[in-house]
Amino acid sequence: ERVIRPLTWRLLELALSDAAQWPEWLSLSFNISADHVCTEGFSRDLLGIVEASRFDPARLKLEITETALLRDSAVATHNCAALQRQGIHIVLDDFGAGCASVTYLRSLRFDEVKLDRSLTMNSRSEEGHLLARGVIELCATLEVPCTAEHLETQQDLDRFVALGCRFGQGYFLQKPTSGEAIGAFAGAPKPTPQKSLV
């Protein structure tokens, strides 16, 4: 706990420095621990780092898990709302991995939901397929974009396209790469909407 906070801030500074060299249409997604999100003053400190980096807040996505909301939902909600007011996007990560309470989707307006890998893997069965469809339809009803994680095969991709999921993440689509490699996109045109899954 004594290490995670300064380490996170340092990693964020480095990530923002790299991302500042990317084309403006590329955003940076950064995972934040529950310890951070549930700390008083977290939003103030993070905004200070973003401002110092001269990075556009609208290009930053913070990914948090429902664990953060379980620890102290009041503080987490306050921090997230403060960041959203400055243009930062808040993403609920690994939705479906834990309690996955719909209450979270009502109490805090997420800008995006990322479906846990378990939903992707289990969707290969009939029961899991129905569950994945229900979650995707819920997100559509709430008008919250959702991303299917852990897409590993063409079959996974086809399945979630058929379910109406527009965005995906996984080795089948793109393996992890370095900041330098991403920077090679500099000058590339913004992708058309067809670049999404559907």
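Could you pull out the longest piece of the chain with no exposed loop GluC sites (Glu not before Pro) in it, calling a site exposed if DSSP puts it outside H, G, I, E, B and it has at most 16 other Cβ atoms within 10 Å? Before the final figure, lay out the partial values.
On the way: sites that count: 1, 24, 40, 143, 152.
Longest stretch, sites excluded: 41-142.
Order 25, 9 by their accessible area, 1.4 angstrom probe, all chains in place, largest first.
Numbers: 25 80, 9 50 Å².
Descending accessible area places them as 25, 9.
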Q | List 139, 38, ordered by accessible area with a 1.4 Å probe, largest first | A | 38, 139
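Please compute the net charge surrounding residue 72, taking Lys and Arg as +1 and Asp and Glu as -1 over other residues with Cβ under 11 Å from its Cβ.
-1
Compute the accessible area per residue over the chain, keeping the other protein chains in place, probe 1.4 Å, unit Å².
Numbers: 11010 Å² over 198 residues.
Counting only protein heavy atoms, the per-residue value for the chain is 56 Å².
If the chain between residue 20 and residue 140 were fully stretched, how many nm would it gain, using 0.36 nm times the residue separation less the Cα-Cα distance?
40.0 nm
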Q | Computed accessible area, residue 111, all protein chains, 1.4 angstrom probe, square angstrom | A | 60
**Q.** Label point distance in nm, residue 63-residue 40, each placed 7 Å from Cα along Cα→Cβ
**A.** 3.1
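Ignoring ligands, DNA and RNA, what percent of the 1.4 Å accessible area of the chain is carbon and sulfur? Mind dumping the intermediate values first?
Values: 5800 of 11010 Å².
The value for the chain is 53 percent carbon and sulfur by accessible area.
Using a Förster radius of 25 Å, what is the FRET efficiency between residue 27 and residue 118 based on their Cβ-Cβ separation? Nearest 0.05, please.
Values: r = 25 Å, r/R0 = 1.02.
E between residue 27 and residue 118, to the nearest 0.05, is 0.45.
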Q) Just by accessible area at a 1.4 angstrom probe, what is the order of 78, 89, 36, 150 from largest to smallest? A) 78, 89, 150, 36
Q | segment 1-148, Rg to Rh (Cα coordinates; Rh as Kirkwood inverse mean 1/r) | A | 0.99
Q: Can you pull the one-decimal nm distance between simple spin-label points at residue 127 and residue 180, each 7 Å off the Cα toward Cβ?
A: 4.9
(Q) Just want to confirm a number: the relative contact order over segment 1-93, from Cα pairs under 8 angstrom separated by 6+ residues, in percent. (A) 32
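The values are calculated or read from the model by the stated rules, or taken from the named source; none is laboratory data. None of these values were measured; they are calculated from a predicted model. All Cβ positions, even for glycine, are placed from backbone atoms using ideal geometry, and neighbour counts span all protein chains on display. With ligands, DNA and RNA removed, areas are computed over all heavy atoms of the protein, side chains included. Shrake-Rupley method; radii C 1.70, N 1.55, O 1.52, S 1.80 Å.
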